[in-house]
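The values are calculated or read from the model by the stated rules, or taken from the named source; none is laboratory data. Keep in mind it's a predicted model, so treat the numbers as computed, not measured. Every residue, glycine as well, gets a Cβ built from its backbone with ideal geometry; the counts of neighbours run over all protein chains shown.
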Amino acid sequence: MESTESAPGTVAELVRARWGDHRPGLWFEGRVLTQHEVAAGAAARAALLADLLPPGAEPHIGVLLDNTPEYPMWLSAAALARAAVAGINPTRRGPELARDILHTECRILVTERAHLPLLDGLGLPGVRLLVTGTPEYDDLLAPYGDAVPDGSRATPQDRLLLYFTSGSTGAPKAAICTQGRLAAAGRALAGRFGVRPDDVHYLCMPMFHGNAVIADWAPALAAGAGVALRRRFSASGFLADVRRYRATYFTYVGRAIQYILATEPRPDDRYHALRLGFGTEAGAVDAAAFERRFGVRLVEGYGSSEGGAAVQWSPGTPPGAVGRAAPGLVVLDPQTREECPPAVFDAAGRLVNADEAIGELVNRGPNPFEGYWRNPEAEAERRREGWYWTGDLFCRDADGYLYFAGRGDDRLRVDGENLSAAMIENILARYEGAVAVAVYAVPDPVTGDQVMATIAGTFDPEGFARFLSAQPDLGTKMPPRFVRVVDQLPITATNKIHRARLRAEGFRCAEPVWWRPLGEDAYRRLTREDVEGPLAPTRGPSRVRRQGLEPRTR
């Protein structure tokens, strides 16, 4: 590995370093590109970009793609051209999708034929569409085939990523990541995990998400390692892929590990080159099961999407803990601004002082948070009192180890994605049988959250399913898994919806609950057998929530 003093300070320099490197560098669906060919493709796109961007416009490109070779080449091209990529989430729909593109002031949107239906009727004024894999696209690139990657004018302060992260209310926010921060993160992870030039990183998490770019692509680029792309994550294709590409490293988020473990075990499950998986929310039980079955250690970590706080696992970390708190990281009571008392666990691992021990994780030391695009209010909320407030709930034991205890009150994390309950409520409020609606998180049996809604009014399960499928702005992960039907919503003394009570009761309540099992489209009545069977909780990093202990309200 290069020393810190001589290491490149920009992603553009990392891209340029691959010019002339004729080792295999990128694998995708039977195609193999050398490191040099990827750098050459980035140089051509950077030159095209320089000619296409209108003078005076923000140099922002929207990328609405699956994980194809075009994605890393456009990331690299943006670095060379001192532009920024806004990763556009294809699970967003209608006006919300248009808002993401327009809010980040993208003058160019790179997409593919498969995603064109998502753009029908959106109306994107001033946005030029580039559709990859078409003759028109190839003709546009053809004159730039001899371009050489330069990037000498790029600086560590240049914006490179605008990636969306949803907050407690309102529309998703576009977090800024500069070339310097991404290059530094890539070098740090490559050093931490000993990434070598002959390694292959299997990139199966979506590249519009920070996990894939920061934790998988960037360290590969920093170390000169290869990248094997999977268009979309597939649990059934995971093992075949890592064997085919001789992958040594991969990242994951949310329920990906659970899905892989759900595939049929085989006698040759350990026949592969994988050394390590790095990600979040696998859960201690599933991580242990994954290592037993595949012989691969999973390293769990916590990092806020914006870069303001991170927790790293280290040897000796207790089961269920994320890692030891670094200097500056504290768990605060949001109301008093005082540190919460240490967490106390009983012999069975249950938290016995949740009311006083759970608070918000805050970084009172230096942090690399670089702000949000055109959102000063959200930025100020993050930087209250000069500290970085993560919005995530934790507790900390007497030895300094941190335990994840949930997201903010109005946030849900489903399959690795943060969702806003308020946005889902606004959509469900259109349902003709709904007098009032509350949306909130209930713990997933393994990791993260599932969406639950309480509807005051009348409910027809078949009609409700049809209603959901007809909503153009309902993302694929927003539909509620559980629907509780009540005469009226509980309220507090100040006439606000009593969300704490709803969350605490979850789907184990007196009123009728309808649910939609994984992989099914229809809703059916929840039974005792369901609650004691597939919905029974398991232990893992989020055990605080899974034990039914509700963090304090704010």
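Things to note:
- Members of segment 319-358 found to be in contact with a Gly (Cβ under 9 Å, 6 or more places away or on another chain), surrounded by 15 or more Cβ atoms within 10 Å (Cβ to Cβ), in a strand (DSSP E or B) and not basic (Lys, Arg), listed by number: Gly323, Leu329, Val330, Val331, Leu332, Phe345
- Residues being β-branched (Val, Ile, Thr), outside any helix (DSSP H, G or I) and modelled with pLDDT under 95 - total across segment 264-299: 2
- Checking each residue in segment 424-467 for being surrounded by fewer than 19 Cβ atoms within 10 Å (Cβ to Cβ) and under 26 Å from Ala256 (Cβ atoms) picks out only Pro445.
- Just one of the listed residues (Leu489, Leu474, Leu518) is in a loop (DSSP other than H, G, I, E, B), hydrophobic (A, V, I, L, M, F, W, C) and surrounded by fewer than 17 Cβ atoms within 10 Å (Cβ to Cβ), namely Leu518.
- Residue within segment 365-380 that is over 23 Å from the mean Cα position of the chain (by Cα) and not assigned by TED's automatic domain parsing to the domain that holds Leu102 present: yes
- In the set Ala220, Ala190, only one residue is over 30 Å from Val414 (Cβ atoms) and either part of a helix (DSSP H, G or I) or out of contact with any Gly (no Cβ under 9 Å at 6 or more places or on another chain) (or both); that residue is Ala190.
- Among the residues making up segment 233-262, those that are of a type in the set (Ser, Thr, Tyr) and part of a strand (DSSP E or B) are Tyr249, Thr251, Tyr252.
- Tally, over segment 238-268, of residues that are among the charged types (D, E, K, R) and surrounded by 15 or more Cβ atoms within 10 Å (Cβ to Cβ): 3
Let's see how each residue does on (1) within 22 Å of Arg255 (Cα to Cα); (2) more than 32 Å from the chain's Cα centre (by Cα); (3) of a type outside the set (Gly, Ala, Ser):
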site: Gly448; (1), (2), (3): yes, no, no
site: Thr454; (1), (2), (3): no, no, yes
site: Gly457; (1), (2), (3): no, yes, no
site: Leu468; (1), (2), (3): no, no, yes
site: Val485; (1), (2), (3): no, no, yes
site: Ile491; (1), (2), (3): no, yes, yes
site: Arg501; (1), (2), (3): no, no, yes
site: Gly506; (1), (2), (3): yes, no, no
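- Residues in segment 300-318 that are surrounded by fewer than 20 Cβ atoms within 10 Å (Cβ to Cβ) and either at pLDDT 90 or above or farther than 18 Å from Ala287 by Cα (or both): Gly303, Ser305, Ala310.
- Check on Leu33, of a type in the set (A, V, I, L, M, F, W, C), outside any helix (DSSP H, G or I) and more than 18 Å from Ala183 (Cα to Cα): yes
- Condition met for Phe290 (touching a helix residue (DSSP H, G or I) at 6+ places or on another chain (Cβ under 8 Å), without any contact (Cβ under 8 Å) to a residue 40 or more places away in the chain and buried (at least 18 other Cβ atoms within 10 Å of the Cβ)): yes
- Condition check for Leu526: surrounded by 11 or more Cβ atoms within 10 Å (Cβ to Cβ) and over 28 Å from the mean Cα position of the chain (by Cα): yes
- Residues of segment 420-463 classified as in a loop (DSSP other than H, G, I, E, B), of a type outside the set (Val, Ile, Thr) and over 14 Å from Leu474 (Cα atoms), total: 7
- Checklist (1) in a helix (DSSP H, G or I); (2) in contact with a helix residue (DSSP H, G or I) (Cβ under 7 Å, 6 or more places away or on another chain); (3) surrounded by fewer than 24 Cβ atoms within 10 Å (Cβ to Cβ); (4) among the aliphatic types (A, V, I, L, M) applied to Ala184, failing item: (2)
- Of the set (1) among the small types (Gly, Ala, Ser); (2) in a helix (DSSP H, G or I); (3) at pLDDT 90 or above, all apply to Ala504 but (3).
- Residue in segment 36-52 that is in contact with a Gly (Cβ under 8 Å, 6 or more places away or on another chain), surrounded by fewer than 18 Cβ atoms within 10 Å (Cβ to Cβ) and modelled with pLDDT of 95 or more present: yes
- Cross-chain or 6+ apart pairs with Cβ under 7 Å, segment 81-93 first and at pLDDT below 95, then of a type outside the set (Lys, Arg) and part of a loop (DSSP other than H, G, I, E, B): Asn89/Phe208; Thr91/Gly475; Thr91/Thr476; Arg92/Gly475; Arg93/Pro472; Arg93/Asp473; Arg93/Leu474; Arg93/Gly475
- Of the strands (runs of 3 or more DSSP E) lying entirely inside segment 359-413, those containing at least 3 residues that are at pLDDT below 90 and within 30 Å of Phe345 (Cα to Cα) are 388-396, 401-406.
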